[in-house]
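Single-structure report; data block below.
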Amino acid sequence: MRCVVVCLNRLFSNDFDGGRNLDAQSEEFVGLVSSLEKLKIVKKTIINVTKFKAGTFFTTGKLSELVFLVSDYEAELVLIDTKLSPMQQRNLERLLKAKVIDRTGLILEIFGSRAQTREGVLQVELAHLEYQKSRLVRSWTHLERQRGGAGFLGGPGETQIESDRRVIAEKIIRIKKLLAKVMKTRLLHRKSRKKNQIPIIALVGYTNVGKSSIFNYLTESNVIAEDMLFATLDPTMRSFNLLGKKKVILSDTVGFISNLPTTLISAFKATLEEVINADLIIHVRDISDPDDKFQAVDVEKTIDELQWGGRKKPPII
């Protein structure tokens, strides 16, 4: 699929990028897009944003530039490195005459393509549904169903959008029940480990900093360790002898990223519980990356946002 990648240079006060290096930020977004094989980047552009409009995000002038760009490169898809409201996304699709995906939608798409285990698939599906729930907008009047009730006095029947919302709500409930079973199983395993007094060390860090490489080295495992954003999605746990003496369990977790969608943090509660219940957290950083300090802040922020439930945070190295 031919796509145009739109990176933003925010020239106004905004917590979105936290003052990060523009090149590193745009490189990261292009890396996210490139990790989906079905997408072919035909044009990457950086747009200076001094202010944004509620209805389309971009001002009229910037929007005209984008319309020309999409038409000129015959793009079917536009990926924008920001979080768009449902209304903004819908309006942009109508004006650009192409599918529009924001940062959250792209990350969800990547997670969907990477999930391998039953648990991973369920967590991604839950995040997708939570995201879609807010994006159901009434675009087509012909989707409205026939009037309900008997005779001429029946009230308006259920519209397609109401039906879709109901279906999504039912699916969310079903998936949450299945994930609750996963969490129950994890709890039993955790109790067993505590009974045997086996400490747990959790590896956390920004995506693609080398957590899986360290995990493989320490545990002599063969977990996928690619130079790729979100190469590891499903959590992995292995035991090894620390300094050749004490048996410990090492947990490799999903990588964090700036502006990780809240729907994903919520959906991956079962996975992230391994971080919450760890005896020690090792924060892996790639100090050769010029964006290392900002990445570290993003990881620390995500750890703080986890549901600790009054539990004291373990030491972090």
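The values are calculated or read from the model by the stated rules, or taken from the named source; none is laboratory data. Since this is a predicted model, take the numbers as computed values, not measurements. Neighbour counts are summed over all protein chains in view; Cβ atoms, including those assigned to glycine, are modelled from backbone coordinates with ideal geometry. What goes into the accessible areas is simple: the full protein's heavy atoms, side chains included, and nothing from ligands, DNA or RNA. Shrake-Rupley method; radii C 1.70, N 1.55, O 1.52, S 1.80 Å.
Results for (1) assigned to a helix (DSSP H, G or I); (2) under 27 Å from ILE257 (Cα atoms), shown as yes or no for each residue.
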site	(1), (2)
ARG165	yes, no
ILE173	yes, no
LEU179	yes, yes
THR185	yes, no
ILE198	no, no
ALA202	no, yes
SER212	yes, yes
ASN216	yes, yes
Next on the checklist: What pairs come out if I take residues in region 147-176 that are open to solvent by 70 Å² or more (accessible area, probe 1.4 Å) and pair them with residues that are at pLDDT 50 or above and in a helix (DSSP H, G or I) whose C-beta lies under 9 Å away, six or more apart or interchain?
Outcome noted: ARG165/LYS133; LYS171/GLU125; LYS171/LEU126; LYS171/LEU129; LYS176/LEU126
Item to check | Of the criteria (1) open to solvent by 40 Å² or more (accessible area, probe 1.4 Å); (2) within 21 Å of LEU264 (Cβ to Cβ); (3) of a type in the set (Gly, Ala, Ser), which one SER35 fails | outcome: (1)
Checklist entry - If you take the residues of region 61-71 that are touching a strand residue (DSSP E or B) at 6+ places or on another chain (Cβ under 8 Å) and either free of Cβ contacts under 8 Å to residues at least 12 places away in the same chain or surrounded by 15 or more Cβ atoms within 10 Å (Cβ to Cβ) (or both), which of them is farthest from LYS43 (Cα to Cα)? => result LYS62
Checklist entry - What residue, of THR302, THR262, is under 14 Å from the mean Cα position of the chain (by Cα), polar (S, T, N, Q), open to solvent by 60 Å² or more (accessible area, probe 1.4 Å) and under 20 Å from PHE111 (Cβ atoms)? => result THR262
Checklist outcome for this item: If we take region 32-136, then strands (runs of 3 or more DSSP E) inside it with 3 or more residues that are among the basic types (Lys, Arg) are 40-49
Next on the checklist: Condition (residue is open to solvent by less than 30 Å² (accessible area, probe 1.4 Å), without any contact (Cβ under 8 Å) to a residue 40 or more places away in the chain and in contact with an Asp or Glu (Cβ under 7 Å, 6 or more places away or on another chain)) applied to region 79-97: is it met by at least one residue?
Outcome noted: yes
Checklist entry - Hey, ASP23 hits all of (1) outside any helix (DSSP H, G or I); (2) surrounded by fewer than 19 Cβ atoms within 10 Å (Cβ to Cβ) but one; which does it fall short on? => result (1)
Checklist entry - Taking VAL100 and the conditions (1) open to solvent by less than 40 Å² (accessible area, probe 1.4 Å); (2) more than 29 Å from LEU66 (Cα to Cα), which numbered condition does it fall short on, given that it satisfies the others? => result (2)
Next on the checklist: Looking at ILE257, ILE316, ILE281, can you tell me which residue is touching an Asp or Glu at 6+ places or on another chain (Cβ under 8 Å) and not aromatic (Phe, Trp, Tyr)?
Outcome noted: ILE257
Checklist outcome for this item: Exactly one of THR50, THR59 is in contact with a Lys or Arg (Cβ under 8 Å, 6 or more places away or on another chain) and more than 16 Å from VAL5 (Cβ to Cβ), and that residue is THR59
Checklist entry - Among the residues of region 129-141, is there at least one that is modelled with pLDDT of 80 or more and within 24 Å of SER26 (Cα to Cα)? => result yes
Checklist entry - Under the condition of being within 13 Å of the chain's Cα centre (by Cα) and hydroxyl-bearing (Ser, Thr, Tyr), which residue from region 88-117 is farthest from SER26 (Cα to Cα)? => result SER113
